[in-house]
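Okay, so here's the structure we're looking at.
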Amino acid sequence: MTIAVLGLGVALFSISGVLASPRDDLASPPALEATAPDNSTALLQQRIERLPGDYAAWSALGTAYLDEAAATANPAYYSKAEGAFERSLEIRPAENAAAVTGQAALAASRHDFRSALKLARVSQRFNAYSAANQAVLVDALVELGHYRRAEVELQRMVDLKPSVPASTRVSYYRELHGDIDGAREALQQADAFASRTNDKAFIDRYLGELAFSTGDLTSALEHYDRGLAAAPRNAALLAARAKAQMAAGKLAEGLDDYRTSTAMVPEPTVIADYAAALRAANRTTEAAQQDALTRTTYTLLRSSGSNVDLELSSFEAASGNGTAAVAAARREHRRRVSVHTEDALGWALHVAGEDEAALKHARAAERLSNTNAVFAYHRGMVEHSLGMKTAARQSLQRALRLNPHFSLAGSAEARRTLQRLNR
Amino acid sequence: MTSVVVLRAVRGTFASVVGALVLSALGAAPAGAHPLGNFTVNFSSSIRVEPAAVAVSVVVDTAEIPTVQMFPSAATGVDDATATTYRAERCAEAASAAEVRLDGVRVPLSVRSSEVTFPPGAAGLPTTRLTCSLRTPQGPSTVGAVLTYRLPLQAERLGWREITAGGDGVELANSTVPASSPSAVLTAYPEDLLSAPLDVRDASMMIQSGTGVVAGGSAPGAPADSLTRGVDRLTGAYTNLIASHKLTVPFGLLAVVLAIGLGAMHAFAPGHGKALMAATLVGREGTLRQAVTIGLSVTVTHSLGVLLLGLALTVTSLAAPERVYPWLGLVSGVLLIAIGITLLRAAMRRPPVFLAAAHEHAHHGHAHHTSGHGHSYDHTDDVERAHGSAPHSHGFFSHTHQPAQLGTRSLLAVGFTGGLVPSPSALLVLLGGIALGRTWFGVVLVVAYGVGMAAALVAVGLALVRGRNWLERHADRFTPKGRGTAAARFARRWLPAATSSLVIMIGLGVAARAASSI
């Protein structure tokens, strides 16, 4: 009897004592707060404030800043990203794959593709399984003209992590090689992955541009409108829509979009397009102002140590300054030989009157595919200057067939030249 | 999704390649370039609240490219006439766009003065610095009103936007903006890597009577503690200390000493077999040696457990603590129950009296009586049996060589179960060390932690043993003669059983609690 009472008392005491004690937090994890993706930067900043030696968090913060820069187009984030990657490397200089990838991305954005490739390879040695590093690697290889190697790394990226950046790169690779349907399919696949507004706007822009490059203005405008509905302050989408509107003959809307876009982000190629649009609308004084602004922007970019030779050569060629165009194009061609640098050099040589030299490069630009209307037009004009009538007719017809609106000034010039050839 | 800057040329053109180029190059802030980027337009509004009026100083810092967009001939200089027109027009625009509301009622602003300068920027291009002094008309007292302010100018433009507010003859309370400019009014942009560029577009504050010392201040929320849940502040402070210092020898030694202290402190936290140890040592002939054995066993088990769990956590994410801990707890509970049952059976089986005949020690030839001898035995071959060499005393708790003595194996088992559930703070010390690339140092700290724990547990055990011995020696003082013997006999008879039952109950409790969170 006494045993029972004693036992019961002890039992009650110990069980209640044990069960009434505060729960160990680790055994019952608290409910996860629903954190919006935007919070990740703030969380990383707070973590680093608590643990300033956490080099992985510094790298992650740098990548988050690069994401913000891409999303908001705010340049301050680029210098913050650079600072964050440097800080991470200070803390851990050896085998810091993520920080090196970040530096590679920054080098790529400054158009220093050799450094970007070198850094991305270094990072790949430390960590061969980083999809983010593969992205930078693929971009650098494509820009440097190493297309086969790019394909290998792109396949590896897709195998590592099917995602929106992987799909957009697959789409671009296919387009470069002439597979337009495959390119469209890859973007539609990316659309299925995309969940964030920024990504969907991104994909809409690319789908629209793909449609534009095949001459389908209606679909292009549809995609742009959809993208802008989701992300109304996206300067790139506005610029793309402006181009399509100008091609469709909607001059007022097009000029308005160009004005808004260049006010938000004064990207020199967009400003140059704006100038061309103003010229097409016969507003020549404003066009001249925008041209001056373009030149100023290129000067600023060069003075800040960035490589703008490819874009500058195109601008100088469009302005008729053959010598300057050739100089810039040769500089870039020496750095890297890609289909774009070949096309730029070919066209610059044509503007400078050196068509024999130009032909080789114009042909080389079409070695991957013959579905690029601008490349075809450039080649056709060179062939025409050399008196190769049949070849010129074929090239120019091909250009207009691929995309009758490939350029405001260029399309008109192509038609005029064809008329002359057919006479 | 981690998307590194998507740098790619778009179909046939290279617009977005240059897009990324423009942004990064113009934001890289080399010498001479505008620190926030060559195409930003940056705004600063300094609000000064007076007893009967509100003054706002709006400063606009325009970078190189927008300057050229406004003044196409800016590279060669801006003439006075253009500059005058510009500042008159822009300040008038600011005055009509700025919204100052007192208790929701908008108060108009007028331009008192304007000024424009063109500080030089990058590549020989100028930037523009416009200053507009705006003011509301003298009116009724502002005291007691809520002031709100916003300046919706060029909302699409990228740039730094800040608002500051101070009182001149009044005090401000609950102000959402600071009193002093973080950028020295757009002349020195802070290079803080841990904060986003400022984009404050509106402000509100309460105006109170006072001498003009700004009392307002924003109250940012406390940082989310998501990463230190489940760990006490001491351990959090300790890991912060470890992470933020360079590992020099003196600092390393300090960290080891602190780890010992941390371990000792956690030994006093619930768990780690203290109750069990108490039950064991008090209920049996607990000696110092037994206490030490249990303490060491707990510590070794605990340290090994931490190291194993730490290894498992770094190797696989399947071994998340939330999933492992309940199982460990369950195993620990089941072991406790098993030990308790064994002890109980042993206790119930032997007659609970001091009969020499039932003694198990074959090689002890003596007979033990309750009448006074204080010699100690020769336990040389018998250390395994661990009666210990506790002083034999008589009285309330006589020495008993009761067969239900704990062998060393049992003690070790007790210690093992006590140390089976690794303390989260020790785990954190180890994982923190691994995450910061100092694995070996983390291991050293865990071992030091274990040493601290051992020391504390042994101290507790020692205290228990001494206390029990003291009670034994002096207990008969407190019991009346007659009843003492009966009570003593009762206790002697049933205490081992009771403590074994306690062990079983504790085991049940631990297992039940662990099982409930699996």
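The values are calculated or read from the model by the stated rules, or taken from the named source; none is laboratory data. Nothing here was measured: the structure is a model prediction, and the numbers come from that model. A quick note on method: Cβ atoms are made from the backbone with ideal geometry, for glycine too, and the neighbour counts reach across all protein chains shown. We work out accessible area using only protein heavy atoms, side chains counted, and drop any ligands, DNA or RNA first. Shrake-Rupley method; radii C 1.70, N 1.55, O 1.52, S 1.80 Å.
When only residues in region B:90-126 that are within 14 Å of another protein chain (Cβ to nearest Cβ) and in a helix (DSSP H, G or I) count, which is modelled with the lowest pLDDT? Steps first, please.
Within region B:90-126, the first condition is being within 14 Å of another protein chain (Cβ to nearest Cβ), and the residues that meet it are B:120-126.
From what is left, the residues that are in a helix (DSSP H, G or I) are B:122-124.
Working: B:Ala122: 81, B:Ala123: 77, B:Gly124: 81.
Per the criteria, the residue is B:Ala123.
Being open to solvent by 30 Å² or more (accessible area, probe 1.4 Å) and more than 7 Å from chain B (Cβ to nearest Cβ) is the filter; apply it to region A:64-81 and report the residue that is nearest to A:Leu106 (Cα to Cα). Reasoning before the result, please.
We begin by selecting, within region A:64-81, every residue open to solvent by 30 Å² or more (accessible area, probe 1.4 Å); these are A:67-68, A:70-72, A:79.
Keeping just the survivors that are more than 7 Å from chain B (Cβ to nearest Cβ) gives A:68, A:71-72.
Numbers: A:Glu68: 14, A:Ala71: 15, A:Thr72: 16 Å.
Out of the qualifying residues, it is A:Glu68.
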- How many residues of region A:241-269 are at the interface with chain B (Cβ under 8 Å from one of its Cβ atoms), under 22 Å from A:Asp199 (Cβ atoms) and either part of a helix (DSSP H, G or I) or β-branched (Val, Ile, Thr) (or both)? The answer is 2
- Looking at (1) within 30 Å of B:Leu153 (Cβ to Cβ); (2) within 12 Å of chain B (Cβ to nearest Cβ), can you tell me which one A:Tyr172 breaks? (1)
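Considering region B:144-179 alone, what residues qualify as being under 18 Å from B:Asp61 (Cα atoms) and hydroxyl-bearing (Ser, Thr, Tyr)? Don't jump to the end; show me each part of the working.
Taking region B:144-179 and keeping what is under 18 Å from B:Asp61 (Cα atoms), we get B:150-164.
B:Thr164, the sole residue that qualifies.
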- Message: Of all residues being more than 7 Å from chain A (Cβ to nearest Cβ) and open to solvent by less than 10 Å² (accessible area, probe 1.4 Å) in region B:498-510, which is nearest to B:Thr417 (Cα to Cα)? Just the residue, please.
- Response: B:Gly507
- Query: Limited to region B:178-195, what total is found for residues that are touching a Ser or Thr at 6+ places or on another chain (Cβ under 7 Å) and either without any contact (Cβ under 8 Å) to a residue 60 or more places away in the chain or in a strand (DSSP E or B) (or both)?
  - Reply: 4
- Considering only residues that are at pLDDT 85 or above and touching a Phe, Trp or Tyr at 6+ places or on another chain (Cβ under 7 Å), look in region B:190-202 and name the one that is farthest from the other protein chains (Cβ to nearest Cβ). B:Asp202
- Task: Could you tell me which of the residues B:Pro72, B:Pro51 is part of a loop (DSSP other than H, G, I, E, B), away from chain A (no Cβ under 14 Å) and either open to solvent by 10 Å² or more (accessible area, probe 1.4 Å) or more than 30 Å from B:Gly210 (Cβ to Cβ) (or both)?
- Result: B:Pro51
- Note on the structure: Among A:Val337, A:Val326, the single one that is open to solvent by 10 Å² or more (accessible area, probe 1.4 Å) and not in a helix (DSSP H, G or I) is A:Val337
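Just for region A:358-387: of the residues that are away from chain B (no Cβ under 11 Å) and small (Gly, Ala, Ser), which one is farthest from A:Arg148 (Cα to Cα)?
As a first pass, look at region A:358-387 and keep what is away from chain B (no Cβ under 11 Å): A:358-364, A:366-368, A:370, A:379-387.
Restricting the remaining residues to those that are small (Gly, Ala, Ser) gives A:358, A:362, A:364, A:380, A:385, A:387.
Details: A:Ala358: 25, A:Ala362: 21, A:Ala364: 16, A:Gly380: 28, A:Ser385: 34, A:Gly387: 35 Å.
Of everything passing the filter in region A:358-387, A:Gly387 is farthest from A:Arg148 (Cα to Cα).
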- Query: Got a number for residues in region B:326-357 being modelled with pLDDT under 75 and aromatic (Phe, Trp, Tyr)?
  - Reply: 1
- Query: Here are B:Pro137, B:Pro108: which of them is closer than 25 Å to B:Ala52 by Cα, touching a residue at least 60 places away in the same chain (Cβ under 8 Å) and open to solvent by 60 Å² or more (accessible area, probe 1.4 Å)?
  - Reply: B:Pro137
- Residue check, A:Phe202 at the interface with chain B (Cβ under 10 Å from one of its Cβ atoms), in contact (Cβ under 8 Å) with a residue 40 or more places away in the chain and assigned to a helix (DSSP H, G or I): no
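Has region B:129-143 got any residue that is away from chain A (no Cβ under 14 Å) and at positive phi? If you could, list the steps in order and put the result at the bottom.
First pass over region B:129-143, keeping only residues away from chain A (no Cβ under 14 Å): B:129-143.
With at positive phi added as a condition, the list becomes none.
No - not one qualifying residue is present in region B:129-143.
Conditions tested, residue by residue: (1) of a type outside the set (Asp, Glu); (2) surrounded by fewer than 20 Cβ atoms within 10 Å (Cβ to Cβ); (3) at pLDDT 80 or above.
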site	(1), (2), (3)
B:Arg409	yes, yes, no
B:Phe416	yes, no, no
B:Gly432	yes, no, no
B:Val458	yes, no, no
B:Val465	yes, no, no
B:Asn469	yes, yes, no
B:Ala488	yes, yes, no
B:Arg513	yes, no, yes
B:Ser516	yes, yes, yes
- Does region B:131-140 hold any residues that are over 47 Å from the mean Cα position of the chain (by Cα) and part of a strand (DSSP E or B), and which are they? B:Cys132, B:Ser133, B:Leu134, B:Arg135
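Okay, residues lined up against (1) in contact with a helix residue (DSSP H, G or I) (Cβ under 9 Å, 6 or more places away or on another chain); (2) open to solvent by 40 Å² or more (accessible area, probe 1.4 Å); (3) away from chain B (no Cβ under 11 Å); (4) modelled with pLDDT of 90 or more:
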position	(1), (2), (3), (4)
A:Ala194	yes, no, no, no
A:Thr197	yes, yes, yes, no
A:Tyr206	yes, no, no, yes
A:Ala211	yes, no, no, yes
A:Gly215	yes, no, yes, yes
A:Leu221	yes, no, yes, yes
A:Leu228	yes, no, yes, yes
A:Ala231	yes, no, yes, no
- Task: Return a yes/no flag: does region A:51-63 have any residue that is part of a helix (DSSP H, G or I), surrounded by fewer than 24 Cβ atoms within 10 Å (Cβ to Cβ), free of Cβ contacts under 8 Å to residues at least 40 places away in the same chain and facing another protein chain (nearest Cβ under 9 Å).
- Result: yes
- Query: Does A:Leu301 fit the bill of being within 13 Å of chain B (Cβ to nearest Cβ), farther than 22 Å from B:Val68 by Cα and open to solvent by less than 50 Å² (accessible area, probe 1.4 Å)?
  - Reply: no
- Can you spot a residue in region A:128-140 that is at the interface with chain B (Cβ under 7 Å from one of its Cβ atoms), within 18 Å of the chain's Cα centre (by Cα) and in contact (Cβ under 8 Å) with a residue 60 or more places away in the chain? yes
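If you check B:Ser389 against the conditions, is it open to solvent by 10 Å² or more (accessible area, probe 1.4 Å) and at pLDDT below 50?
Working: open to solvent by 10 Å² or more (accessible area, probe 1.4 Å): yes; at pLDDT below 50: yes.
Judged against the criteria, B:Ser389 is a match.
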- Pairing a residue in region A:274-292 that is of a type in the set (Asp, Glu) with any residue that is surrounded by fewer than 17 Cβ atoms within 10 Å (Cβ to Cβ) and outside any helix (DSSP H, G or I), where Cβ atoms lie under 6 Å and the two sit 6 or more apart in sequence or on different chains, gives none
